[in-house]
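The values are calculated or read from the model by the stated rules, or taken from the named source; none is laboratory data. Keep in mind that this is a model prediction, so the values were computed, not measured. Cβ sites come from the backbone with ideal geometry, for glycine too, and all protein chains shown count toward neighbours. Calculation scope for accessible area: heavy atoms of the full protein, side chains included, ligands and nucleic acids excluded. Shrake-Rupley method; radii C 1.70, N 1.55, O 1.52, S 1.80 Å.
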Amino acid sequence: MRETEIAFMRQAQQLAHLAGENEDVPVGALVLDSTGKVIGQGFNTRERDKDPVGHAEINALRQASQSLDTWNLSGCTLVVTLEPCTMCAGAIINARISRVVFGAWEEKTGAAGSIRDVLRDSRLPHQVEVVSGVLAEQISEDLRNWFVKKLR
């Protein structure tokens with residue numbers, strides 16, 4: 001695991017905390033251009049905005065596309081605290097993201113290797129390099145703590 005991956009994951013964790021403060025599942029995401037500059041960021045806004053696609057990844061991809069003035073994010077990296085779901089994996093592929101770095105595994109809806117592996121499916125027109133488990137223990141603990149508080 002590279003130091004830069006850890007540093008960017010910590011930034012994504014800060015975004016995840018914003019989601020949690022807004023009653024959304026605490027997930028945060030960043031999009032980096034090919035030089036490592038942050039060009040998009042997002043956190044879950046499904047509850048706040050009453051938006052069924054208000055996932056951190058979608059919000060970060062939208063901002064990155066606006067920053068570059070193109071839907072094609074080839075050469076970019078998505079850093080996200082939680083393994084993407086199938087919807088987000090589809091958006092990642094459609095945006096042509098080159099690399100995804102994620103923290104915790106999502107055992108119920110994960111689509112980057114846990115229950116599905118959409119991002120590396122050779123039947124699709126684009127495959128994504130995947131780096132998993134960056135700060136996984138810390139992020140899993142954050143998620144567990146948030147859900148415990150939510151259920152009280």
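Surface composition of region 33-152: carbon and sulfur make up 48 percent of the accessible area, probe 1.4 Å. Summing +1 for each Lys or Arg and -1 for each Asp or Glu among the other residues whose beta-carbon sits under 15 angstrom from that of residue 127 gives +2. Counted over region 64-135, the DSSP beta bridges are approximately 10% antiparallel.
In terms of packing, defined here as the mean over residues of other Cβ atoms within 10 angstrom, the peptides 82-91, 13-22 line up highest first as 82-91, 13-22. With both labels modelled 7 Å from their Cα along Cα-to-Cβ, the residue 34 to residue 2 distance reads 1.5 nm. Legend: distances between Cα atoms for 50/108; 37/108; 37/149; pairs beyond 24 Å are 37/108; 37/149. Of all DSSP-defined beta bridges confined to the chain, some 55% are antiparallel rather than parallel. Highest mean packing first, where packing is the average number of other Cβ atoms within 10 Å per residue, the peptides 45-53, 71-79 line up as 71-79, 45-53.
Scanning the chain for long hydrophobic helices, with DSSP H runs required to stretch 15 angstrom or more by C-alpha along their axis and to average at least -1.0 on the Kyte-Doolittle scale, returns 3-21, 56-68, 136-151. Working note: 222 nm ellipticity from helices only, DSSP H runs with n ≥ 4, each -39,500 (n - 2.57), summed and divided by the residues of the chain, gives -12500 deg cm²/dmol to the nearest 500. Rolling a 1.4 angstrom probe over the protein heavy atoms with all chains in place gives the chain an accessible area of 52 Å² per residue.
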